[in-house]
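Only one structure is covered here, and it is reproduced in the block below.
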Amino acid sequence: MASVLGVPKAAVKIVKGEPRYFDVTADSGKKISRGFCSTCGTPLFTLLAAMPDLMGIKAGSLDDPNAFKPGMSLYTSSAPSWAPFGENLPKFPKMPG
């Protein structure tokens, strides 16, 4: 489970260090790159080949994670039974598309 904030990739400036990326294949068959801190391994970013102008920033990596406000829940079909979902959020069993 990950809480991710989608922002325009051009608006992101990494000011220190260089993340390491691990690539996997999405349901669409396109690449997903997950970025981690190369020093401590903290999950930081998600890059989607299907949406090249967008960057996902892991909400837990924000200076103030409480500033993140979820807008939807994705992949609800594979969520464990105990997973919390916001009552008023739109829910999608897979990536809409």
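Every number here is computed from the coordinates shown, using simple stated rules; none is lab data. Computed from a predicted model, the values in this text were never measured in an experiment. Cβ placement follows ideal geometry from the backbone for every residue including glycine, while neighbour counts extend to all protein chains displayed.
Considering only residues in region 86-95 that are touching a residue at least 12 places away in the same chain (Cβ under 8 Å) and out of contact with any helix residue (DSSP H, G or I) (no Cβ under 7 Å at 6 or more places or on another chain), the one that is surrounded by the fewest Cβ atoms within 10 Å (Cβ to Cβ) turns out to be P90. Residue check: A67 meets all listed conditions (1) aliphatic (A, V, I, L, M); (2) exposed (fewer than 12 other Cβ atoms within 10 Å of the Cβ); (3) under 13 Å from G6 (Cα atoms) but one, namely (3).
Could you list, in sequence order, all residues of region 20-46 that are aliphatic (A, V, I, L, M) and crowded, with 18+ Cβ neighbours inside 10 Å? Answer for region 20-46, where residues must be aliphatic (A, V, I, L, M) and crowded, with 18+ Cβ neighbours inside 10 Å: I32, L44.
Please enumerate the residues belonging to region 29-45 that are farther than 15 Å from K58 by Cα, in contact with a strand residue (DSSP E or B) (Cβ under 9 Å, 6 or more places away or on another chain) and among the hydroxyl-bearing types (S, T, Y). Within region 29-45, S38 is the sole residue that qualifies.
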